[in-house]
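**Student:** Just passing along the structure, written as structure tokens.
The values are calculated or read from the model by the stated rules, or taken from the named source; none is laboratory data. Keep in mind that what you see is a predicted model, and the values were worked out from it rather than measured. Positions of Cβ are generated from backbone atoms using ideal geometry, with glycine treated the same way; all protein chains shown enter the neighbour counts. The protein model used for the area step is the full one, side chains on, heavy atoms only, and it has no ligands, DNA or RNA in it. Shrake-Rupley method; radii C 1.70, N 1.55, O 1.52, S 1.80 Å.
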Amino acid sequence: MEKEKRVLKATKSEEEKKFGRLKRSIIMGYALIVMIGAAAISFVCIHLSQKAFQKEVGDLVSELSIQMSINLDSYLENMENFNTLVFSEKTNYTYDATNNNLDEYTALETEKAIKNSLYSLCIMDNYVDYFIVYSNEHTVGKYSNGTRDLFGGKIYENAKEYASNPRTQDGWFTGFQGDYKRIYYVKRVNENALLVTSIYTSELSSNFEHAGNFPEMKIRVTDSDDTILYSATKEEIGTKLQADLLTIMDGKENANFISDEYLIAVTTGMNDWHVICTLPSSALGKEMQRIAMATITIAILAVVVCILFSVLFVMKMTNPMQNIVEDLDKKASIDALTGIYNKKTFEEKVAKRIASLQDGKLIFILFDVDNFKGVNDNLGHAYGDKVLSDVGKIMRAKFREKDVLGRLGGDEFAVLLHLSSFSEIPLEEFINERCSALCSDFRNYYTGDQKDYKISISMGVSIYGEHGADFDSLYKSADRALYGAKQAGKDTYRLYKRNDGSAEGGAKS
């Protein structure tokens, strides 16, 4: 009996050992399966997260490219519009220096008046040249030595072919004789005369500020032949876009590309000029590494706490990507300098408000900062940026939460207001109250080290349904009214008046 007990005891001990080994094998096997599964899931998640992040950044680069192209087009369009002021003086476009029937005294007096007119316009911007040239190569206005030397005194002969737009008889060009220091705008004044203006290519840099939080990003402007017209790297100007970028782009326009080396976005604007934003893929390395480390940490925790908490950890894994997406969405819709909507988002918000309008009136206010360029020229861009930032603060403080605020580019801003049909305030009184209050706020605003540089604004107002049925028509009407406010001496507003294309209202105080 004792022997049988010893045998049973030995057998029981052996079974316990086997059971222990089995438990350890199960635990180790289960742990191995979980680790392999977690590693596989982690690898897939890291790969997908990095791809998703890369795509989101690519979309952001594309949005920035579009915004930069809008800024550039707006800059060029503003210059074109400004140059039409030459036609505000009849003498400027009727005088012909090739007419031999004019006596010398009349010709001299006429040219003196034209010269004074051109110089009064020229000083309002950073023009290198601002003159009228006649078919006999006689010039009146600001004609720089650099341009004179470049064209060898034959500016009319060489520039006339660039006024090729059949509707407006104007055009832009650069790179003549391989010189890309200046960009020229040419507009036909009459049969024997051209208006020629130019700016330094470096002036374009003002359109490409605040391009995002990627210091490695490069912004270039190229023409239809892929010649670089603008780059922060001056040595690139006038050269062909590098071959590897051309290979990736493959001649496509208005698109974004992702390769192993670059994230590229191309947007085509006026004159078939391309704004090309390039971001090296290596610039994303730190953020991708952060995503990878977060994913691996979550995977280790998932192994420790096992399957019971796997769902929570998957949610945890997605949090970094969610933060990135939200951050990118915010950057794509909010103007970083002013804290209000950028142009693209503002247009979308206006379109939604128009589509959802059921009662009342929508009022579109367009304004810019008077003599803003003087702030940049006299005080520096830092003060200019401070003024724009303060404009955003004043707008956010002055208008209601339901009003739509946007920066359209440069120092141009817009507001969409809604006046309920139940309001007891008449429409024109409401407009006058809002515009006068905003003018007053800026009338008391000064900048500069000694707060001695006065700032004011001019506004143009249009009303939905009366002056336009969409963003573009409301903008054009308000822009014409804004022009009227400028003509009236600035620091005021004008309401668009349809019947004669002018504006009325907004007394200057």
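**Student:** Residue separation times 0.36 nm, minus the C-alpha to C-alpha distance between T247 and Q450: what's the value?
**Tutor:** Once the chain is fully extended between T247 and Q450, it gains 67.7 nm.
**Student:** Which FRET efficiency, nearest 0.05, do S224 and Y200 yield, Cβ-Cβ r, R0 25 Å?
**Tutor:** Approximately 0.70, to the nearest 0.05.
**Student:** Between their Cα atoms, which of K55/K343; K240/K373; K55/K386; K154/K486 are more than 28 Å away from each other?
**Tutor:** As for pairs spanning more than 28 Å Cα to Cα, those are K240/K373; K55/K386; K154/K486.
**Student:** Extension gain F176-D377, at 0.36 nm per residue separation less the Cα-Cα distance, in nm?
**Tutor:** Numbers: separation 201, 0.36 × 201 = 72.36 nm, distance 2.82 nm.
Difference between extended and current length: 69.5 nm.
**Student:** Between I394 and N158, what is the label-point separation in nm under the 7 Å Cα-to-beta-carbon projection?
**Tutor:** Calculated label separation equals 4.5 nm.
**Student:** Solvent-accessible area per residue for region 343-506 at a 1.4 Å probe radius, Å²?
**Tutor:** 46 Å²
**Student:** Right, here's the next one. What spacing in nm lies between the two simple spin-label points modelled at E235 and K112, each 7 Å away from Cα in the Cβ direction?
**Tutor:** Roughly 5.3 nm, to one decimal.
**Student:** How far is it, in nm, from the label point at N101 to the one at A351 when both lie 7 Å from their Cα along the line to the Cβ?
**Tutor:** In this crude label model, N101 to A351 measures out at 5.5 nm.
**Student:** With a Förster radius of 51 Å, plug the Cβ-Cβ distance of A39 and R167 into 1/(1 + (r/R0)^6) and report the FRET value to the nearest 0.05. Before the final figure, lay out each step's value.
**Tutor:** Working: r = 65 Å, r/R0 = 1.27.
About 0.20, to the nearest 0.05.
**Student:** Continuing with this model, one more query. Using a 1.4 Å probe on the protein chains only, how many percent of the accessible area of region 343-506 belongs to carbon and sulfur?
**Tutor:** That fraction is 46 percent.
**Student:** Length gain on complete extension for the stretch K402 to F422, per 0.36 nm per residue less the alpha carbon to alpha carbon distance? Mind dumping the intermediate values first?
**Tutor:** Numbers: separation 20, 0.36 × 20 = 7.20 nm, distance 1.63 nm.
Extra length from K402 to F422 when fully extended: 5.6 nm.
**Student:** So what is the relative contact order of region 343-506, in percent, for Cα pairs below 8 Å that sit 6 or more residues apart?
**Tutor:** Result for region 343-506 is 26 percent.
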